[in-house]
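Taking it in order: structure first as structure tokens, then the write-up.
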Amino acid sequence: MKALGICLGASSVSLVEAHQEESLTCRVLISRRHEGRPLEILSETLKNLPLTEFSAVAATGRKLCNFLNLSVITEPEASEYALEYVNQKKESFDALVSCG
């Protein structure tokens, strides 16, 4: 499975690819300051991606996600889902920190 994560932040646009086969691998496709042009930067970036290769797409980012025709989750939800996904040993943690 190959998934695309999109973050439309207050100052930057970031896209991450997550690929699951035997193990999970992630790589940052782009993290670029949008300088007040988030939709232009996102549109430009998506034109250069082979979107049909992704079986899932998720987006996060407060107000800007209203411009996407996608299901949207909050940043805390995204962090919780990510932890659940990568925490295969079901270890217990007292805190989860999202650093931007």
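Kindly check whether there is at least one residue in segment 54-72 that is of a type in the set (Lys, Arg), outside any helix (DSSP H, G or I) and modelled with pLDDT under 75.
Of segment 54-72, the ones of a type in the set (Lys, Arg) are 62-63.
Among the residues that remain, those that are also outside any helix (DSSP H, G or I) are: 62-63.
Filter once more, so that each one left must be modelled with pLDDT under 75: 62-63.
Yes, the conditions are met somewhere in segment 54-72.
Return yes or no: is SER11 of a type in the set (Ser, Thr, Tyr), in contact with a strand residue (DSSP E or B) (Cβ under 9 Å, 6 or more places away or on another chain), surrounded by fewer than 12 Cβ atoms within 10 Å (Cβ to Cβ) and without any contact (Cβ under 8 Å) to a residue 60 or more places away in the chain?
On the way: of a type in the set (Ser, Thr, Tyr): yes; in contact with a strand residue (DSSP E or B) (Cβ under 9 Å, 6 or more places away or on another chain): yes; surrounded by fewer than 12 Cβ atoms within 10 Å (Cβ to Cβ): yes; without any contact (Cβ under 8 Å) to a residue 60 or more places away in the chain: yes.
So SER11 fits the description; yes.
All of (1) surrounded by 12 or more Cβ atoms within 10 Å (Cβ to Cβ); (2) polar (S, T, N, Q); (3) under 20 Å from LYS2 (Cβ atoms) hold for THR25 with one exception: (1). Being loosely packed, with under 10 Cβ neighbours inside 10 Å and either over 14 Å from the mean Cα position of the chain (by Cα) or at pLDDT 80 or above (or both) is the filter here; which residues of segment 73-100 pass it? Scanning segment 73-100 gives GLN88, LYS89, LYS90, GLU91, SER92, PHE93, ASP94, ALA95, VAL97. Note on segment 1-44: residues that are touching a Phe, Trp or Tyr at 6+ places or on another chain (Cβ under 9 Å) and in a strand (DSSP E or B) total 8.
The values are calculated or read from the model by the stated rules, or taken from the named source; none is laboratory data. These numbers were taken from a predicted model, which means no experiment stands behind them. Every residue, glycine among them, receives a Cβ derived from its backbone with ideal geometry; neighbour counts consider all protein chains shown.
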